[in-house]
1. Take peptides 473-486, 404-417 and line them up by average Cβ neighbours within 10 Å, highest first, as a rough protection proxy.
2. With no solvent and one point on each alpha carbon, what is the Debye value of log10 I(q)/I(0) for region 458-642 at q = 0.10, 0.13 Å⁻¹?
3. Rg and Dmax of region 421-521, Cα atoms, in Å?
4. Less than 13 Å from a label point 7 Å out along the Cα-to-Cβ axis of residue 543: which backbone N atoms in region 431-448 qualify, by residue?
5. Mind giving me the nanometre distance, one decimal, between the label points for residue 59 and residue 204, set 7 Å out from Cα along Cα→Cβ?
6. Only four residue types carry charge here, +1 at the Cβ of Lys and Arg and -1 at the Cβ of Asp and Glu. Report the dipole size of region 484-559 about the Cα centre in Debye, rounded to the nearest 20.
7. Only sites in a loop by DSSP and with at most 15 other Cβ atoms within 10 Å count here; which GluC sites (Glu not before Pro) in region 453-529 make the cut?
8. Per residue of region 549-554, what does 6.51 cos²θ - 1.76 cosθ + 1.60 with θ = phi - 60° give for ³J(HN,Hα)? Whole Hz please, x for Gly and Pro, Karplus curve as stated.
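Nothing in this text is a laboratory measurement; each read-out follows from the coordinates by a stated rule. Since we're looking at a predicted model, the values are computed, not measured. In this analysis, Cβ positions are derived from the backbone assuming ideal geometry, glycine residues included, and neighbour counts consider all displayed protein chains.
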Amino acid sequence: MNDKKKGGGGGMKLPPNLLGILMFGLLVSLLLNTLVSLFSTSVVQKDISYNEFLDMVRQDKVEEVQFLSDRYVITPKEEEAADLTLTPIPSPQSIQDIMEQSSGVKSNSDNVSVQYYTGYIYDEDLLPLLNEHNVKYSTPIENKLLNAVWAVITWVMPMILIYVLFMFLMNRMSKGMGGGRGGGFMSFGQSNAKVYVEKKTGVTFDDVAGQEEAKESLMEIVDFLHKPEKYTNIGAKQPKGALLVGPPGTGKTLLAKAVAGEANVAFFSLNGSDFVEMFVGVGASRVRDLFKQANQMAPCIVFIDEVDAIGKSRDGQIGGNDEREQTLNQLLAEMDGFDSSRGVVILAATNRPEILDKALLRPGRFDRRIIVERPDLKGREDILKVHIKKVKTNSDVDLKRVALATSGAAGADLANMVNEAALRAVRFNRQEVMQEDLMEAVEVIVAGKEKKDRIMTEKEKRIVAFHEIGHALATARQKNSQPVQKITIVPRTMGALGYVMQMPEEEHYLMTKDEMLTQITISMAGRVAEEEVFNLQTTGASNDIEQATKMARNMVELYGMSEKFGMMGLSSIENKYLDGRSVTMVSQITEADADKEVAAIISSCYEKAKRIIKNDRPALEELAEFLISKETITGEEFMELLSKYPQS
Ligand code: ADP
Ligand code: MG
Ligand code: ZN
């Protein structure tokens, strides 16, 4: 399809059209007004001289006189009206007069009454005269507001209506023209792209917590939009674009909005997928239009969310994608073409930076990369603080503990958690959110809702209880482990039949080999307890197995913690910000060896778990019975009971 601009769109430039529409609207308004007055005039007015008026009064032909600011309006007595109207009319002066003559709406038709008017003359004798002849007189209070409203209705409304109608038609037309571009009336491209300009995003940096480094980088952009001279004077060029990179839900979109809010400039927000359409050329034209609009609105911020939808690397695809490539090329061209000193800043967000085309990342385009990581302990606490402000809380709320329990959660998870807690408080008919609501919300996010109605058999319940106590024992009996927070055998909607919740005392950024082995051993201990007590294996251990295997494999392949391979890397991580899947980099033979290594780690941990459980069999029995009777026990209850059995 031809991508050239067609001449057909030329007549749709904004200014002449606007003028035309205005003129047209005026005309229609005029017509409408005359029509309105034509049909609403049931009173015909006639101009008479002041003398005639006085004569009429003296001849007792006047019923009533109204004093207006500039004239008297005279209502004749009923019986006089008929013959008076037949008298020739003085020269017509008003529209109403002309109409009456030309249209033949004669005053002798029933629904038309006659009024006379005459100019205002100062006359001291008038009132006595009127009194003498028993004429009613009054001054109507003119309603200015009503007049104004009437004017709006009869003049402005039709024009607006016509304008809207026109816009609608034009848009229709420009869409119908298919390939023709040139943008219908204020449309964007020729389609209904979701471009929107938010004048005020209402979000500030205060609403974004736990992303101090990212905020700092963005501050500079804000500062530039505020005082560009400061930078241009010295010859410094503002980076044209910044790329926000990070896992989903960490606040990338929020940060971009905050930049706009802080800078107090217009904010164009688009999703990358808005550009990608079925028709070739549409995406490219959309990019062009976007930049055109942005240039007109400068200073402003253009935010392209999920930019990977267009910015995907151009090579390495079978078949390729013409449309996306065109769109990307257009984006590259536009980014080179515009002048950042005018105050247009492009922000983009993605959680897959590795698939972006290299050309997009070179200096002069998205040359600045702002990492928006999952928040750390302090960050999570701060984010919770931001969101907890929106709900009423009890004084027992301890956000630090919630933050400790939510390692790995992103900002969106935490926002969601606070809301879940508030919902739970409502469910319990409370006025405020309590700590237990928050902790329960954490579990809901991690494990799903409690499923109290699931009926498990006594046997199953016992197995689950021993399994969980097995985990808990392995936790308590090993160094390097995090304390037990809670043990439960109440099933959850996300599949867990029970679980042991561990709670770190502080946050670590490094994990030692010993800690990893400890964790794998804990995972093994559930199954081990089942085997020891009931001499059977159940499907309940599947999640434990998955976790343990993943960790063992990472030890071997990523962290250089195996005897055999030492510090050789066997795989690399792809999609760091999404699923963190790793891909192998070695031959199949080496891979087979690595598998053996993984199996060895797991089996040694399994043996260790077995020793722990065997040694603590009496404690296992008592604790499991206790758990069965209570269904949920706290870490303290667990440790208190366990203290009766000293570590052997
Ligand atoms: P992303 O674009 O990175 O996927 P969003 O910016 O859309 O994530 O975040 C979704 C929601 O999560 C936000 O609207 C906000 O309520 C909450 N949120 C995320 N990160 C933060 C943060 N750092 N501070 C406060 N709230 C946050
Ligand atoms: Mg987003
Ligand atoms: Zn388990």
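1. Working: 473-486: 19.6, 404-417: 21.1.
Ranking, from highest mean packing down: 404-417, 473-486.
2. Values returned for q = 0.10, 0.13 Å⁻¹ are -0.43, -0.70.
3. Spelled out, the Cα radius of gyration and Dmax of region 421-521 are 16.0, 47 Å.
4. Of the residues in region 431-448, 443-448 have backbone N under 13 Å from the label point off residue 543.
5. 7.9
6. Value, rounded to 20: 240 debye.
7. 505, 506, 507
8. 5, 4, 5, 4, 5, 4
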